[in-house]
Amino acid sequence: MGRLDGKVALISGGARGQGALEAELFAAEGASVVFGDVLDDEGRSVERRITEAGGEAVYVHLDVTSDDDWTAAVDTAEARFGKLDVLVNNAGIANDEKIEETSEELWESIMLVNAKGVFLGTRKALPAMRRAGGGSIINVSSIAGILGRALTGSAYSASKGAVRTFTKTTAIQHASERIRCNSIHPGPVDTPMLAGISDNPDVLSQRTEEVPLGRLGHSRDIAYGALYLASDESAWITGIELIIDGGITAK
Ligand code: NAD
């Protein structure tokens, strides 16, 4: 028995990193998965990997800043698999510019993907989840959406803070429809997003030293949190912040 048997999930930013692992894990746990990204070649190879392993998954081109792409992605879930139960708003982009180094264009580009993308996806998923009789929305924020961080870009932290409170509003406004919404707050996870960090031994040891559990996160550390929030095991949980950070925010 899979933990997501019978569920249909849509995951954004699923061509690599955490999103790709979530697509694989969700499918292995019995979900039918639609996942999208702007990296179509990588996305299609993840789709092949999942289907060759016996899972059910469909890759779609999904730029989270495009309302039309969201319509097509949700339509694909309902047309191929009959409904939509789970949305993981995972796609994101990072920056490390401080406030005075941040141009208006950079600010807007980060907010567009990380904050507006979550709004557009949620707005499109809600009616489908209502049709399904309920659902679970999982928004990937960051510990940068909770804490001020010396090395984090100002626009990135603002965008992830927006995701944190948007999650709670979604949770409260849709609880009566049995649509749950929670945020996940990863610490530094070893994915292509951290490439500049994990490739440089000095920066890597600096980032690792701040983690009480002594290592960077792996995508699987985050994916198991998403799996829990997607499943009915978390049926009485909505509006929470699930921090997965090796202990950083406990200090
Ligand atoms: P990643 O860069 O490996 O993956 C992000 C994915 O999002 C990529 O496949 C990328 O193509 C996709 N994406 C970017 N813009 C998009 C768009 N407009 N439409 C659709 N897809 C788009 O990084 P990751 O670590 O897997 O990041 C996943 C999430 O976790 C992000 O929201 C990120 O901000 C968050 N996060 C990451 C870390 C970390 O240290 N890696 C820490 C905290 C939070």
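The values are calculated or read from the model by the stated rules, or taken from the named source; none is laboratory data. On a predicted model such as this, the values are computed, not experimentally measured, just so you know. Virtual Cβ from ideal backbone geometry, glycine too; neighbours counted across all protein chains shown. With ligands, DNA and RNA removed, areas are computed over all heavy atoms of the protein, side chains included. Shrake-Rupley method; radii C 1.70, N 1.55, O 1.52, S 1.80 Å.
Taking only the C-alpha atoms, wrap a convex hull around the stretch 126-190 and report its volume per residue in Å³ as a whole number. Don't jump to the answer; show the numbers that get you there.
Working: hull volume 5.6 nm³, N = 65.
Enclosed volume per residue, from the Cα hull, is 87 Å³.
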In terms of modelled amide H atoms, which long-range or inter-chain residues lie less than 5 Å from the amide H of Gly217?
-> Val189, Asp190
Tell me which residues come under 5 Å, amide H to amide H, from Glu56 once H is placed; ignore anything under 5 positions away on its chain.
-> Val33
What is the dipole size for the stretch 49-116, taken about its Cα centre, with +1 at each Lys and Arg Cβ and -1 at each Asp and Glu Cβ, in debye to the nearest 20?
-> 460
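What size of dipole, in debye to the nearest 20, comes out for the chain about its Cα centre when the only charges are +1 on Lys and Arg C-beta atoms and -1 on Asp and Glu C-beta atoms? Spell out each step's value before the answer.
Details: 24 positive and 36 negative charges, 197 e Å.
So the dipole magnitude of the chain works out to roughly 940 debye.
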3J(HN,Hα) from dihedral phi, the stretch 204-220, Karplus parametrisation 6.51/-1.76/1.60, rounded to Hz, x for glycine, proline | 4, 5, 4, 5, 6, 4, 7, 9, x, 7, x, 7, 5, x, 9, 3, 5
In order over the stretch 28-45: 3J(HN,Hα) from phi, Karplus 6.51/-1.76/1.60, θ = phi - 60°, whole Hz, x for each Gly or Pro, gives 5, 8, x, 7, 8, 10, 9, 9, x, 6, 9, 9, 5, 5, 4, x, 5, 6
Given charges at Cβ of Lys, Arg, Asp, Glu: the stretch 122-251 dipole, positive-most of Pro212, Ser176, Thr249 = Ser176
Can you give the charge dipole size of the stretch 1-78 about its Cα centre, rounded to the nearest 20 debye, using +1 on the beta carbon of Lys and Arg and -1 on the beta carbon of Asp and Glu?
-> 360
Starting at the first residue of the stretch 225-241, write each ³J(HN,Hα) from the Karplus equation 6.51 cos²θ - 1.76 cosθ + 1.60 with θ = phi - 60°, in whole Hz, x for Gly and Pro.
-> x, 5, 4, 4, 5, 6, 7, 6, 4, 9, 4, 9, 10, 8, x, 8, 10
Each label sits 7 Å from Cα toward the beta-carbon; between Ser109 and Asp5 the label points are separated, in nm, by 4.7
Expressed in nanometres to one decimal, the distance between label points 7 Å along Cα→Cβ at Asn200 and Thr165 is 3.3
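Taking only the Cα atoms of the chain, how large is their convex hull per residue, in Å³?
Values: hull volume 31.1 nm³, N = 251.
Given the Cα convex hull of the chain, per-residue volume reads 124 Å³.
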Solvent accessible area, Å² - Asp5, 1.4 Å probe, full protein context | 80
Two-site label geometry, Arg131 and Lys98: point separation in nm, points 7 Å out along Cα→Cβ = 5.0
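Indicate the gyration tensor shape class of the stretch 66-174 (rounded, prolate or oblate), computed on the Cα atoms with a ≥ b ≥ c the square roots of the eigenvalues: a/c under 1.5 is rounded; otherwise a/b larger than b/c is prolate and the rest oblate. It would help to have the intermediate numbers written out before the result.
Details: a/c = 3.08, a/b = 2.00, b/c = 1.54.
Prolate.
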Quick one: which residues, 5+ away or cross-chain, put their amide H under 5 Å from the amide H of Arg180? H built at 1.01 Å from N.
-> Gly135, Ser136, Ile137
Net charge of neighbours whose Cβ lies under 10 Å from the Cβ of Gly135, counting Lys and Arg as +1 and Asp and Glu as -1 = +4
Sequence of Tyr224, Tyr59 when ordered by accessible area, the most exposed leading, probe 1.4 angstrom = Tyr224, Tyr59
Would you work out which of Ser32, Ala128, Leu21 lies farthest towards the positive end of the dipole of the chain, given +1 charges on the beta-carbon of Lys and Arg and -1 on that of Asp and Glu, about the Cα centre?
-> Ala128
